[in-house]
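Heads up, the thing below is written out as structure tokens.
Laboratory data are not the source of any read-out in this text; all were calculated from the coordinates shown. What you are looking at is a predicted structure, and each value in this text was computed from that prediction instead of being measured. When we count neighbours, we look across all protein chains shown, and the Cβ atoms used for this are built from the backbone with ideal geometry, even at glycine.
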Amino acid sequence: MSLPRFQLPFGAAEFLRHYWQQQPLVMQQAASGLLTPSKEELFALAQRDDVESRIITGANDGPWSLQQGPFQAEDFTELPSKEWTLLVQSVDYYLSNISLLLDSFSFLPSWRHEDIMISYATQGGSVGPHYDRYDVFLIQAHGQRRWHLGPVCDKSSARQDVEDIDLLKDMPIKSTHLMQPGDVLYLPPGVAHWGIAEDDECITWSVGFRAPRLTDLLARLTDEVLADNSPSLYTDQGRSLPTNNGYFGNAEAASLNQQALSLLNKEAAVRAYCELLTEPRQYPEQTTLQTDIIHHEHPDAEFVRQGGVRMLMSDEGLWVNGFFYELPPSLHEFGTFLAQQRLYAKSELDTFRSEHSNVQAMLDQWVEQGYLAPIQRG
Ligand code: SIN
Ligand code: CO
């Protein structure tokens, strides 16, 4: 058993320049370590109350149906023998070893990651022709899946008349790709796609990216600014004589705007956005970690970040899951070290410990809070 890994087939700068948010890319044998979770582990996750899961049944022209989890063990035995897909959302939050795949995506800012959804499909199973509004890397983990790719779509594209599932009508096929275990397909937002399982036990991982709504950013920024309990007032010393004192035009609006928007300063923006972007998508009741596998591959690892724990380092300190931990400048390197990866080597931690007496106390606190877990050494 090994940890999941992904490697771009060429330089990350080239990927960002030519593909990211622009065009699909098929990468053969770009991922490894995909043997877990198994079908049984996915079925078990889909039975938990704190896990988001769904089953989509249908093929070709339908009919399509959607069932939302959590499921009972019997639900799986009552399904037809083919043409259905189980989708389990945010598996990286529940299985910390799976979240270590995210360290392979360090060519993108960590706050752009959303989660890893994993699907299990029987032969002919698919979620139908659709497009997603987010970037996604679709990793074939087990079995084969045939992907049909179509044009870029948007909310004006014709839809099928199916309840609860957003399916495209008459998706024109621009290319088809048969994915083997280890093959990866990158899709930018909007590209129509339809992935059909070629065999039973077709398992596909979707490494999904988040793009915050601009209105959510603005709302958070405004909340941050409103938290100031002695707000400044509008001033207009030295204003010119009004031509009409009952008129409010563009110039007046621009003057008020300028003063109001001056509150939306960079410091407030960093605080507001770091809080928003480190808030987890899910709060797992239980997280599973297989430290023996981690220890085997990384004998020097002392701690692992628990799946789904989000960290960002700003100029003032470390943000973890929406909470702020102020760090003095001497500990900024330590905060950056924690935020930029999910596995922490003992040798590097020892250097921080030898230079700063409070590093161990912080690590202990974050283990206590469930952000970090020690690696048991075999
Ligand atoms: C799947 O894994 O079956 C669907 C993933 C997707 O199309 O986004
Ligand atoms: Co999709």
Along the positive direction of the dipole of the chain (beta-carbon charges: Lys, Arg +1; Asp, Glu -1; about the Cα centre), which of Val320, Gly33, Ser262 reaches farthest?
Ser262
Amide H of Glu302 versus every other amide H placed in the peptide plane: which residues, excluding those fewer than 5 positions away on the same chain, fall under 5 Å?
Tyr344, Ala345, Lys346
To the nearest 20 debye, the chain has a Cα-centred charge dipole, built from +1 on Lys and Arg Cβ and -1 on Asp and Glu Cβ, of 960 debye
Counting each DSSP H run of 4 or more residues in the chain as -39500 (n - 2.57), what helix-only mean residue ellipticity at 222 nm follows after dividing by all residues, to the nearest 500 deg cm²/dmol?
-7000 deg cm²/dmol
Cα-centre dipole for region 214-277 with unit charges at Cβ (Lys and Arg positive, Asp and Glu negative), debye to 20
160 debye
Scan around Leu35 for amide H atoms under 5 Å from its own, H built in the peptide plane at 1.01 Å from N, and keep only partners 5 or more places away or cross-chain.
Ser2
Dipole of the chain, positive end: most advanced residue of Ser119, Leu42, Gln365 [Cβ charges, Cα centre]
Ser119
For the chain, with +1 on Lys and Arg beta carbons and -1 on Asp and Glu, the positive-most of Pro188, Leu3, Tyr273 along the dipole:
Pro188
Approximate spin-label separation His332-Thr77, in nm, with each point projected 7 Å along Cα-to-Cβ:
6.1 nm
Exposure rule at most 11 other beta-carbon atoms within 10 Å, DSSP loop GluC sites (Glu not before Pro): the chain longest free segment
164-284
How much length would be gained if the chain were fully extended between Val270 and Asn257, taking 0.36 nm per residue of separation minus their Cα-Cα distance, in nm to one decimal?
2.6 nm
When Cys153, Cys202, Cys274 are arranged by how many other beta-carbons sit within 10 Å of their Cβ, fewest first, they go Cys153, Cys274, Cys202
FRET efficiency for Asp216 and Leu241 from the Cβ-Cβ distance with R0 = 30 Å, rounded to 0.05, comes out at 0.10
Please report the net charge: other residues with Cβ closer than 13 Å to the Cβ of Gly125, K and R +1, D and E -1.
0
Given charges of +1 on the Cβ of Lys and Arg and -1 on the Cβ of Asp and Glu, with all other atoms neutral, how large is the dipole of region 291-374 about its Cα centre, in debye to the nearest 20?
220 debye
Computed FRET efficiency, Cβ-Cβ of Arg281 and Gln47, R0 22 Å: what is it to the nearest 0.05?
0.65
Could you list the trypsin sites (Lys or Arg not before Pro) in region 109-161 that lie in coil according to DSSP, counting only those with at most 12 other Cβ atoms within 10 Å of their Cβ?
Arg133, Lys155
